[in-house]
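To keep things clear, I will list the structure first and then write my remarks on it.
Please treat every number below as a calculation from the coordinates, not as lab data. Note that the structure is predicted; figures quoted are calculated from it, not measured. Virtual Cβ from ideal backbone geometry, glycine too; neighbours counted across all protein chains shown.
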Ligand code: ATR
């Protein structure tokens, strides 16, 4: 009898060279002693359908999906999780029998990381605030509503994008003007920056952490640098902070479990591996 073929997964995007997913999944494969492979796969936008249509023939058990394919992968899949449907995009594809399934794990990863970084934190029954209204904001709004937040305050430079999200998610999402962002966050349990402000090479986010209530958790999904100017200011004020790298690590957990059958653990060692890689980039 032939031995079972090794399980192979990959991450697709265009471009894809910057993706840290192979480092993360490769470290887990090694740690759990699984004979599997996880590679980077550049896929041009015009080739997406053909690529996804031949996953099986290529010997793949599934893949991660990143920019610009998240919406296309969502549409292509046969079945979608509630999170993927709420976001209208997918970052994780896997097979259930012959059925290609799609999930969006960013929101779940965000909340898992939040709980790991601030033990006992829950949004249940409390207002939270999100800056930005792109794809990442969508995933996080959904996850925080699922977590029971009483209200999600949304601020975005282009207000109409925030209004679209509020319409989509319903009455618990309330939009405030971008110019009122510091004031609108005065009495929330959590502030999340999902904009690209504060990322290396970009302007910092102009935000007054001095107005936040004692104990407000401040989180950034930007992870280059690891400590953004927003997080540094919050830390200086003595507020709990949650960086964006943890979300990147935690969003990878459900995919690995679906492809390779083991639910992996995000350890300080894994984090250190990725931090070291970011530092050499
Ligand atoms: P993603 O899907 O990763 O969230 P995106 O859709 O490009 O990425 O969203 C980026 C977010 O950063 C948006 O909320 C964007 O605001 P706009 O909708 O007004 O474009 C926000 N953003 C980017 N540059 C910004 C800037 N200079 N000032 C304020 N917000 C900015």
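Helix 106-117 versus the longest principal axis of the chain: what angle, 0 to 90°, nearest 10, using Cα atoms? Taking Cα atoms only, the helix is inclined about 60 degrees. Classify the range 9-146 as rounded, prolate or oblate, taking a ≥ b ≥ c as the square roots of the eigenvalues of its Cα gyration tensor: rounded when a/c is under 1.5, otherwise prolate if a/b is larger than b/c and oblate if not. Here the range 9-146 falls in the prolate category. Taking a ≥ b ≥ c as the square roots of the Cα gyration tensor eigenvalues, the chain comes out prolate, since a/c reaches at least 1.5 and a/b is larger than b/c.
Taking other C-beta atoms within 10 angstrom as a stand-in for reagent exposure, 219, 179, 19 fall in the order 179, 19, 219, fewest first. Using only the Cα atoms of the range 1-88, build the gyration tensor, take square roots of its eigenvalues as a ≥ b ≥ c, and label the shape rounded, prolate or oblate: rounded if a/c is under 1.5, else prolate if a/b is larger than b/c, else oblate. Judged from the Cα gyration tensor, the range 1-88 comes out prolate (a/c at least 1.5, a/b above b/c).
Provide 110, 260, 121 in ascending order of the number of other Cβ atoms located within 10 Å of each residue's Cβ, fewest first. Don't jump to the answer; show the numbers that get you there.
Values: 110 28, 260 21, 121 18.
By the 10 Å Cβ count, ascending, the order reads 121, 260, 110.
With a cut-off of 18 Å, note down the residues of the range 228-245 whose backbone N falls inside the zone around a label point 7 Å from the Cα of residue 202 toward its beta carbon. From the range 228-245, the list is 228-234, 242-245. Taken along the Cα-to-beta-carbon direction at a fixed 7 Å, the label points for residue 236 and residue 35 span 5.6 nm. Within the chain, DSSP assigns beta bridges of which about 20% are antiparallel (rounded to the nearest 5).
Between residue 272 and residue 49, the contour length at 0.36 nm per residue exceeds the alpha carbon distance by 76.7 nm.
Spin-label model, residue 279/residue 14: points 7 Å from Cα along the beta carbon direction are separated by 3.6 nm. With neighbour counts taken as other beta-carbon atoms within 10 Å, the residues 250, 31 rank, fewest first, as 31, 250.
Between residue 75 and residue 167, the C-beta separation translates, for a Förster distance of 22 Å, into a calculated FRET efficiency of about 0.60.
Rounded to the nearest 500, the helix-only mean residue ellipticity at 222 nm of the chain stands at -10500 deg cm²/dmol, with each DSSP H run of n ≥ 4 adding -39,500 (n - 2.57).
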